[in-house]
Amino acid sequence: MWTTMGFTFASFVLGGLSWWVPIYVEYAIYSKNQIPSQISLIFGVVTCFAGLIGVALSSILSSKLRQKMKNADPLICALGSLIAVPTLFVLVAATREANPFLFWLIAAIAISGMCLSWTLVADILLYAVYPNRRSIASAMNILICHLLGDAGSPYVIGAISDALKIGKPDSFYTKFTSLQSALYAGPFFAALSFAAYLFAGIYVDDDRKKVDDYIKKSQKQDTPNSGSLSDCNINEFSDPQDKHLQVYSNPLNESEANLRVNSNALDSVQTNNEVPVVFKSSANLLSKTSPSNIIE
């Protein structure tokens, strides 16, 4: 739950930034009576490379720290959100006066920090959720983080900006200042994401142990009996109502040995007046009755 909450807050930040930052930068440039050039393209390139760096860095950190810290994954996610809090605040506050190169560098650091959680959240869902619930947990995580995160954040930030423009003159500076105030929601939700990942780090190790114990118990229960058919009791296959059959409880390999002995004994029996009748436990020789006795 805490991991999904942290990821939802992070998605809120990234969704709002991806929608409003290019427009926000254009408003800042227009408010200084200048003409912006290829702001959306520059922001797209910065976002792509910063996202790749964040995802790769999270995988490297996780592989090295997971052996030392059992709750390393949520803590790495929390670290990324913590990095994003001051960088986003500076990014929003100093947009109009900042050097363009420095501005995009700060934006890349903030986006990389928020992207540290993308791969690790998927790993946490796999080892902290019972196997028979992982599909629904993954589906609910995706639904919640998009519905309450990046899908709604552009609308929320835009609504706040429009509300702040009421009663003010329609100018680029007014649009810039109102959108600037609305974009302060970015560092706020990044701080909430940091707190949620910290709580996830407290419980993730216990959840993983519970899942591991459940998997081990399931594997023991699903393991078939190693005994072969030769170790089975013949009584399981015999009819208990049949009183003419003698109870037999020896393994089949001994039965085969008895039959071999009985077959050797049958070779020495005179076949003119006697016929062998083999029961389950031994071979008995009975006198052959005449047809007249059978009729009687």
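On a per residue basis, the convex hull of the C-alpha atoms belonging to the range 67-138 measures out at 100 Å³.
Give me the net charge for the shell around TYR130: Cβ to Cβ below 13 angstrom, other residues only, Lys and Arg +1, Asp and Glu -1. That sum, taken over residues with Cβ under 13 Å, equals +4. When the listed pairs LYS64/LYS209; LYS32/LYS165; LYS68/LYS220 are checked against a 27 Å cut-off, the alpha-carbon distance exceeds it for LYS68/LYS220. Classify the range 119-227: rounded, prolate or oblate, from the alpha-carbon gyration tensor (a ≥ b ≥ c, eigenvalue square roots; a/c under 1.5 rounded; otherwise prolate if a/b is larger than b/c)? Here the range 119-227 falls in the prolate category. Entry for the range 108-154 at q = 0.14, 0.20, 0.24, 0.29 Å⁻¹: log10 I(q)/I(0) = -0.43, -0.76, -0.93, -1.05, Debye formula applied to identical alpha-carbon scatterers, no solvent contribution. Largest first, the three principal axis extents of the alpha carbons in the range 1-49 are 48, 22, 10 Å in whole numbers.
Sorted from longest to shortest, the spans of the Cα atoms of the range 1-84 along the three principal axes equal 54, 24, 15 Å.
Would you work out if the range 42-180 is rounded, prolate or oblate? Take a ≥ b ≥ c from the square roots of the eigenvalues of the alpha-carbon gyration tensor; rounded if a/c is under 1.5, else prolate when a/b is larger than b/c, oblate otherwise. Verdict is oblate for the range 42-180.
The slack between ILE202 and GLN219, meaning 0.36 nm per residue of separation minus the straight C-alpha distance, is 3.3 nm.
Only the coordinates and a few stated rules stand behind these numbers; no lab work does. Nothing here was measured: the structure is a model prediction, and the numbers come from that model. As a convention, Cβ positions derive from the backbone with ideal geometry for all residues, glycine included, and neighbour counts pool all protein chains shown.
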